[in-house]
Amino acid sequence: MPIARFERTAEIEAVVAALQCDGAAVVTGLAEPGLVDTLRAELRPLFDACGLDTRSDFDGSRSLRAPSSLLVAAPAAADLVDHDMVVSIANALLLPHCATYQVGSMTGIAQFQGQYTYLGFDGLRPGRLRARNR
């Protein structure tokens, strides 16, 4: 099953529909190139310090993971969490089911070539977690 891909100018409803149907969607170009460069620079020391210590059967052997205190290490990540499109999509998916919500944790992940990627949950029901090879 191919993952639906959208441009950053896509209608929120279309992205939400893909997430509800398939459990995954890709929005290309959402982060500005300058933000991506800033995040890389902020996360690099953390990835270098952790090395491959975070390897496990679940996480895989070809990825680096930064601790969950991501906003401390990479404050620029707040620009992604608070991005208008991200917030609108989260609101559309979550607010019909709750009065409010919050981000519980964030993790920085650097994946190497050949590492399988976790795509997400089956809609809002965390049941069938799917993985695909890159």
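Of note:
- Potential extension, LEU71-SER105 segment - 0.36 nm per residue separation minus Cα distance: 11.3 nm
- With both labels modelled 7 Å from their Cα along Cα-to-Cβ, the ARG44 to LEU93 distance reads 3.1 nm.
Since every read-out is calculated from the coordinates, none of them should be taken as a lab result. Since we're looking at a predicted model, the values are computed, not measured. No Cβ is skipped: glycine too gets one built from the backbone with ideal geometry, and neighbour counts run over all protein chains shown.
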